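*Asks:* Quick one: the structure is below, and I'll ask about it shortly.
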Amino acid sequence: MNKKIIIANWKMNPSSQEEALRLVKNLLAQRLPKNIELIIAPPFVYLDLVKKNCGKEIKLAAQNIIWAERGAYTGEISSLMVKNLGCSHVIIGHSERRHKMGETDEMINLKLKEAFKIGLIPVLAVGEKEPNNDMIKVLTLQVKSALEGIGVSEVGRLIIAYEPVWAISTSGTGMIDTPDHALSAALLIRKIIGNLYGSEWAADLPVLYGGSVTSENIYDFIAQSGISGALVGGASLELQDFIKIIKAAKINE
Ligand code: PGA
């Protein structure tokens, strides 16, 4: 069985280098299980610091990139820049970027192409906004448009994270997804990939779940063989909770 993947999405936290360093050092002071893939996605300004302090077993992800390599994009960061800082992964299309920053499916498609071109592993985030949205319609549209023009040779390097926006801890709904529903979304995503690229790609595609993951509920989500890991926001900043999440993830080996 493949290793479960846990991604810590720090979002726009913490507010100082000292705190960022403390988070990483406290994490490394624990005995981390070897049989999970642990990835930290800090804000851009801490990438270098985290890279220099996170040891070999933790990988690094950027939370976003622009679709161009360099040039007149004031305030933006390119995939080449984050790759040169040591990132192996990049989150693309997070719902906070889609809904707060106005990122469109077209921009997400361009970013994915750029990440593949530069050799980063993209973690494409998809998910419906409201619980009563048509999940099949939303996920089909988001996945298909994100992958428009992307070939089968690249899709083998893709990770998809299903994150229903209404279940994200800061969304304000207070609702939490159920493992059954998350699994049905993961299977749907595989089906869409299967239809686009063939069933062998769908079977190998890592599909993560994200949205209010805590040490209390992680096991129920990732115990599902169709769910390959978790994208963890708020709980990744709480050391004790995050350690428990990581340890729970390894039970599936
Ligand atoms: P959450 O965030 O775990 O705080 O709900 C997940 C995410 O937005 O990636």
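*Asks:* Can you compute the radius of gyration and Dmax for the stretch 1-141, using only the Cα atoms, both in Å?
*Replies:* 15.9, 45
*Asks:* Principal axis lengths of the chain from Cα atoms, whole Å, largest first?
*Replies:* That gives 46, 44, 36 Å along the principal axes, largest extent first.
*Asks:* Can I ask one more? Tally Lys and Arg at +1 and Asp and Glu at -1 over the other residues with C-beta under 14 Å from the C-beta of Gly151: what net charge comes out?
*Replies:* Local net charge: +1.
*Asks:* In the chain, what percentage of the DSSP-assigned beta bridges are antiparallel, given to the nearest 5?
*Replies:* About 0 percent, rounded to the nearest 5.
*Asks:* Once phi is turned into ³J(HN,Hα) by the Karplus curve 6.51 cos²θ - 1.76 cosθ + 1.60 with θ = phi - 60°, what whole-Hz value does each residue of the stretch 30-47 show in order, with x for glycine and proline?
*Replies:* Each residue's phi maps through the Karplus curve to give 8, 7, 7, x, 7, 8, 10, 9, 9, 10, 10, 10, x, x, 3, 5, 10, 4 Hz.
*Asks:* Same structure, new question: For the stretch 1-79, what are the per-bin percents of Cα-Cα distances with bins 10 Å wide, up to the bin holding the maximum?
*Replies:* 17, 46, 28, 9, 1
*Asks:* Now for a different question. Please go through the residue pairs Lys3/Lys117; Lys11/Lys52; Lys3/Lys111; Lys83/Lys113; Lys3/Lys59; Lys25/Lys83 and name each one whose alpha carbons sit more than 18 Å apart in this structure.
*Replies:* Violating the 18 Å Cα-Cα cut-off are Lys3/Lys117; Lys11/Lys52; Lys3/Lys111; Lys25/Lys83.
*Asks:* Additional query: Which trypsin sites (Lys or Arg not before Pro) does the stretch 68-107 hold that lie in a coil by DSSP with at most 12 other beta carbons within 10 Å?
*Replies:* Filter output for the stretch 68-107: Arg70.
*Asks:* Working only with C-alpha atoms, what are the Rg and Dmax values of the stretch 205-253, expressed in angstrom?
*Replies:* Rg, Dmax (Cα atoms, Å): 9.9, 30.
*Asks:* From the P(r) of the stretch 64-143, can you give the percent of Cα pairs sitting at distances over 20 Å?
*Replies:* The answer is 33 percent, as a whole percent.
*Asks:* Would you pull out the residues with amide H under 5 Å of Gly229's amide H, same chain only if 5 or more places away, H placed 1.01 Å from N?
*Replies:* Answer set, sorted by chain and number: Ile5, Tyr209.
*Asks:* Okay, next question. Per residue Cα convex hull volume for the stretch 147-229, in cubic angstrom?
*Replies:* 93 Å³
Quick note: the coordinates plus some simple rules give every number you see, no bench work behind them. On a predicted model such as this, the values are computed, not experimentally measured, just so you know. Cβ sites come from the backbone with ideal geometry, for glycine too, and all protein chains shown count toward neighbours.
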